[in-house]
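Nothing in this text is a laboratory measurement; each read-out follows from the coordinates by a stated rule. Owing to the predicted nature of the structure, the values given are computational and were not obtained by experimental measurement. Here the Cβ positions follow ideal geometry from the backbone for every residue, glycine too, while neighbour counts run over all protein chains shown.
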């Protein structure tokens, strides 16, 4: 199954091979690239070992193409991308920017699918903001 991820601002492709690529900055304003699995609920990632990420730290996510911030308005620790599945269905995917916080939401007209052990943390916000 082929899944693509797009920047919600420029609609550029963030998927490369078997990863989704983001431009991030840590609390010390150091920048780097981070590569995630395209499988929702898989929180493994690859980053340069010299790029320091502290547990609990919230990273700043930007599109690596247009450099627009991917942050969700009204939520300090959430970012958003567009997911396009094989059948060309599009979904909003929102996830936490905090290191170690495992929560992801796949949002469509049919509802919200949640992933990760911390997914209940932002459910009220997700429902109020995306399910109008």
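For this structure, a couple of remarks:
- Two-decimal Rg to Rh for segment 1-52 - Kirkwood Rh, Cα set: 1.00
- Evaluated over the Cα positions of segment 4-130, the convex hull gives a direction-averaged projected area, one quarter of its surface, of 7.6 nm².
- Segment 1-50 and segment 80-132 have their alpha-carbon centroids 16 Å apart.
- Given their separation in residues at 0.36 nm each and the Cα-Cα distance between them, residue 89 and residue 71 gain 4.2 nm when the chain is fully extended.
- Point-to-point label distance, residue 130-residue 48, nm (Cα→Cβ direction, 7 Å offset): 3.1 nm
- Gain on full extension, evaluated as 0.36 nm per residue between residue 57 and residue 82 minus their Cα-Cα distance, stands at 6.6 nm.
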